[in-house]
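Here is the structure we will look at, set down as structure tokens.
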Amino acid sequence: MAWGTVPVEDEDLLSSAQVRRVTAVLALGGVPREDRADGVQQVRLRLVERLARGAEAPRDLAAWAVVVASNYAVDWHRSRNRQELVGERLRSMGEWRRTVPGPEAEILTLAVAEGLDALPALQRQVLILRYYADLTVPQMAEVLAVPVGTVKSRLHAAGRAMKAHLRSEAAVEAR
């Protein structure tokens, strides 16, 4: 497929691996299962719109796609009540609970979900992009169109906030 042309209907802009990665970012961003297909379609739509405008194709399509997915998740959160999100995020993260053995899995999942939910949207976004989408700081800076220092400061602030949240959760559980 040539980047300068819009693909025919049966040709997908994203590889199956990219679709799985986008879906994972949406899940980690708290988008419920029933809305994730819409999120994947939004990523495709943004790419088609970009190509139709004659804009240059993203240098790193995989990184670009997960940032668009992350932005979709941020927008989704803005339109929903925060209390509803914790339950949805726990259900969407159910498959990761199996990787932590024992009863600690549920407590850890809840604490991480609540910690992510409590973060400001931009801090939550960089944590998800770094630790779940596995983007480097320079990749995040490029696709978010912000300086590397901005990404680093957001990561630092988000990390401190998550650490404080997890410590407070541990103190509550220890009592």
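Overview of results
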| item | result |
| --- | --- |
| Cβ pairs under 7 Å, 6+ apart, first in the range 133-159 and over 18 Å from ASP60 (Cα atoms), second outside any helix (DSSP H, G or I) | ALA158/LEU119 |
| Condition check for LEU45: open to solvent by less than 10 Å² (accessible area, probe 1.4 Å) and either among the aliphatic types (A, V, I, L, M) or modelled with pLDDT of 90 or more (or both) | no |
| Single condition VAL172 does not satisfy, out of (1) at pLDDT below 85; (2) surrounded by 15 or more Cβ atoms within 10 Å (Cβ to Cβ) | (2) |
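The values are calculated or read from the model by the stated rules, or taken from the named source; none is laboratory data. Treat the numbers as computed from the prediction; the structure is a model and nothing was measured. Heads up, the Cβs are rebuilt from the backbone with ideal geometry, glycines too, and the neighbour counts pull from every protein chain shown. Only protein heavy atoms, including side chains, enter the accessible area calculation; ligands, DNA and RNA are left aside. Shrake-Rupley method; radii C 1.70, N 1.55, O 1.52, S 1.80 Å.
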